[in-house]
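Inspection log for the structure reproduced underneath, given as structure tokens.
The values are calculated or read from the model by the stated rules, or taken from the named source; none is laboratory data. What you see is a predicted model; the values in this text were computed from it and never measured. Here the Cβ positions follow ideal geometry from the backbone for every residue, glycine too, while neighbour counts run over all protein chains shown. Side chains included, ligands, DNA and RNA excluded: accessible areas come from the protein's heavy atoms. Shrake-Rupley method; radii C 1.70, N 1.55, O 1.52, S 1.80 Å.
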There are 2 protein chains.
Amino acid sequence: MSLSGDVPLVVSRRTRVTPFTPRVEEAGVAGYTIYNHMLLATSFRGVEEDYHHLRSSAQVWDVSCQRQVELTGPDAGRLAQILTVRDLSHLIIGRCAYAPVVDHSGRLINDPVVIRVGDDRYWFSIADSDMRLWAEGLAAGWGLDVDITEPEVFPLAVQGPLAEAVTGRVLGEEVGDLGSFRWKWCRFGGRDLLVARSGWSNQDGFEIYLDDPDLALPLWDALMEAGRRDGVAVGCPNQIDRIEGGLLSYGNDMTRENTALEVGLERFCSLDSETEAIGRDSLLQEAARGVARRICGVAFDGRPLHLVRPLPVAANGAMVGEVTSAAWSPRLGHGIGLAMLDTPFWRNAPSLEVVSPEGAWPASVVSLPIR
Amino acid sequence: MSLSGDVPLVVSRRTRVTPFTPRVEEAGVAGYTIYNHMLLATSFRGVEEDYHHLRSSAQVWDVSCQRQVELTGPDAGRLAQILTVRDLSHLIIGRCAYAPVVDHSGRLINDPVVIRVGDDRYWFSIADSDMRLWAEGLAAGWGLDVDITEPEVFPLAVQGPLAEAVTGRVLGEEVGDLGSFRWKWCRFGGRDLLVARSGWSNQDGFEIYLDDPDLALPLWDALMEAGRRDGVAVGCPNQIDRIEGGLLSYGNDMTRENTALEVGLERFCSLDSETEAIGRDSLLQEAARGVARRICGVAFDGRPLHLVRPLPVAANGAMVGEVTSAAWSPRLGHGIGLAMLDTPFWRNAPSLEVVSPEGAWPASVVSLPIR
């Protein structure tokens, strides 16, 4: 089905505004979604124009909706490791790690980035589910000595090839020394802010974990001013760019029905490590018997609308999977998407077809990221 | 702050459409929100016109977003009782119960309606938080033998003074025999549907828990056709009506920061029952020492916008609380709201003022429901 697409979002306290929302509105936001009960922009000058700009300059993104689940206390480290199948024993202070959180059957509850903030202090920077409740339920049931909160932290991302230059002018050139998924404290407005080299784009960039809402507009304005000569603009996660980058969206490309292995996250699942992680046994068994379906990149001859529901994928008339996210790539001149395909179609695909409302689109599997 | 209010919601698989969405769109939905990761309409012909209609006729509401957390298995009953501070020992099959779910400190995680569907089968019909994860975490930690799922159930509400007549024509006149918060199986399209006398309005009404999406449009169309002579219309939860009714919205009038007693739910908290309920001890202690603040109804001389954030409430220049939801009551000719006020201001209020962007509005405490 398609939606008219012009029905306004009605915002209330429940669908929280952020400290940056005034600037997002001033920049002429063209669409919103709700993510973790909070506002998130979806485009400003159109998804295609935003895409071209993101690849050539730098953008400032309000990603406050990437909420933190904070674990503190004596059992914080133990609970962190119970929560994720990724081995966190090497996660020293100053590092971040993409760390799947799964249930006992290996199915995805969230796919956060874990940040080791202190010895007994972890942030799970979460995708769109109330993972805090899962952590709290487990901690209560296991009798762990840990505090679990959602602190007032509002991530601001600077993404794009000029992100290092722009961010460096505001937070100090040393941010350029940060490796990928490393973080450091940077001084701004008399406060130390956690700044990581990370972000939900296919470009270089940083995420500034602002923990003082009073600094939100000064920080935003400083970045915009520092990037003026480079044409910095207000932006948001971009559907074309993130599909090209193979960045998965929880709720879109993977749901609670999918295991971490189906979603291709095996390199983030430390199945050989003897951890207490929930779901490790199930994933070991699944790996041994073989994964039944798998996410992959697809290219197709068609101009997709923004998907409201997955589109079926057929091979020789039989349904073999579905496209979960799609976009038109203006750079490549064809449709691109992420698709969950039955084994062995993702590996050795014959002639595939995306079954769209406008007819069948010839399709093929492509490797991720899509170049 | 205020928002422009005309930015479209961009829908994706993550912010789920419902089986009724085509009819909601055809009816000219004027605003959307996201609730439990799913679409929910906020108005059709304007909140005021929808309000007048709701009070005089009947409306069909797509409240699919009221998701079910289903507990089944030998420990389903035990887990249900661990989850809520309301004593469920009298909850026989055929009954529903509004049942606060709180954490160990008595703070609200959700405020669902619990439905006893079978001996070892419960539905928690939830407000806007992933309460399933809390239940799963607890069950895992306690080692309970229970399955916890989100089944494909899509509640459809019929609300308004003519709801009984309209619903009876489609599901049988016996629905009129149902008492409040009672349910029965009703036959439609060859299927037994769970139908409860309940709904999130200040009017009479029913909720039909449709568990077959293929029957969604037939059921919708049958209700609209059956109510044509009575002027039945498409509607949705109405901000004016629900404030007048004193119906609280999780995320708006109460958050994780509020205890069940602050929110005035003591009559749903069986603190004297010797249950295993999480949070009971904390609420007993809070009751003994006295509740520090409390929700109540307020009336004020002002025409509120739709609130994006709470509005402060002052007494003699000092802040004593905040208005969490507000609307203009066309029936009463003044502003109405729900407010969380420090003790003793909710009980014995001197001259209060709502501090609005347009200046101070004289206000007073009124009893709920607001008549």
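Below is a table of values for the structure above.
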{"quantity": "Rough spin-label spacing in nm, given labels placed 7 Å along Cα→Cβ, for A:Ala314 and B:Asp211", "calculated": "3.3 nm"}
{"quantity": "Linear extension gain, B:Glu150 paired with B:Asp6, 0.36 nm per residue minus alpha-carbon span", "calculated": "48.6 nm"}
{"quantity": "Range of Cα positions in segment B:198-252 per principal axis (Å), largest first", "calculated": "33, 28, 15"}
{"quantity": "Semi-axes of the equivalent ellipsoid for the protein assembly as shown, Cα gyration tensor, largest first, Å", "calculated": "39, 31, 28"}
{"quantity": "Isotropically averaged projected area of segment B:296-371, using the convex hull of Cα atoms (one quarter of hull area), nm²", "calculated": "4.5 nm²"}
{"quantity": "For segment B:110-122, 3J(HN,Hα) per residue [Karplus equation, 6.51 cos²θ - 1.76 cosθ + 1.60, θ = phi - 60°, Hz, x = Gly/Pro]", "calculated": "5, 10, x, 9, 8, 10, 7, 8, x, 4, 10, 9, 10"}
{"quantity": "Computed FRET value (nearest 0.05) for A:Ser89 with B:Trp185, which takes r as the C-beta separation and R₀ as 45 Å", "calculated": "0.25"}
{"quantity": "Using distinct alpha-carbon pairs, which all enter the 1/r mean, Kirkwood radius of chain A in Å", "calculated": "21.4 Å"}
{"quantity": "Amide proton proximity set for A:Ser57, modelled H, under 5 Å, gap of 5+", "calculated": "A:Leu162"}
{"quantity": "As computed over segment B:237-296, the Cα convex hull volume per residue (Å³)", "calculated": "101 Å³"}
{"quantity": "Residue-wise HN-Hα coupling along segment A:147-161, computed from phi with Karplus coefficients 6.51, -1.76, 1.60 (Hz; x: Gly, Pro)", "calculated": "9, 10, 9, 10, x, 7, 10, 10, x, 10, 9, 10, 10, x, x"}
{"quantity": "DSSP-defined antiparallel bridges as percent of all bridges, the protein assembly as shown, nearest 5", "calculated": "95 percent"}
{"quantity": "For A:Gly245, residues with placed amide H under 5 Å, excluding near neighbours", "calculated": "A:Ile370"}
{"quantity": "Carbon and sulfur %, accessible surface of segment B:30-98 computed with the full protein complex present, 1.4 Å", "calculated": "54 percent"}
{"quantity": "Cα shape, segment A:29-120, gyration tensor, a/c 1.5 rule", "calculated": "prolate"}
{"quantity": "Shape of segment B:1-57, Cα gyration tensor, a/c cut at 1.5", "calculated": "oblate"}
{"quantity": "Long-range HN-HN contacts of B:Leu352 with modeled amide H, under 5 Å", "calculated": "B:Ala363"}
{"quantity": "Cα-centred dipole magnitude for segment A:121-219, charges only on beta-carbon of K, R (+1) and D, E (-1), debye, nearest 20", "calculated": "300 debye"}
{"quantity": "Residue-count net charge about B:Arg95 - beta-carbon cut-off 9 Å; Lys, Arg +1, Asp, Glu -1", "calculated": "+2"}
{"quantity": "MRE, 222 nm, helices only [DSSP H, n ≥ 4, -39500 (n - 2.57), over chain B, to nearest 500]", "calculated": "-5500 deg cm²/dmol"}
{"quantity": "In Å, descending, principal axis extents of the Cα set of segment B:46-100", "calculated": "48, 20, 19"}
{"quantity": "Relative pair counts by distance (%), Cα atoms of segment A:274-338, 10 Å bins", "calculated": "18, 35, 24, 18, 5"}
{"quantity": "Cα-centre dipole for the protein assembly as shown with unit charges at Cβ (Lys and Arg positive, Asp and Glu negative), debye to 20", "calculated": "640 debye"}
{"quantity": "Label geometry 7 Å along the beta-carbon vector: A:Gly231 inter-copy distances in nm", "calculated": "5.8"}
{"quantity": "Qualifying trypsin sites (Lys or Arg not before Pro) in segment A:1-103, DSSP loop, other Cβ atoms within 10 Å at most 16", "calculated": "A:Arg45"}
{"quantity": "Two-site FRET efficiency, B:Ser273 against B:Thr343, from Cβ-Cβ distance with R₀ of 25 Å, rounded to 0.05", "calculated": "0.45"}
{"quantity": "Sites B:Ala288 and B:Asp177 - FRET efficiency at Förster radius 51 Å, r taken between beta-carbons, to 0.05", "calculated": "0.75"}
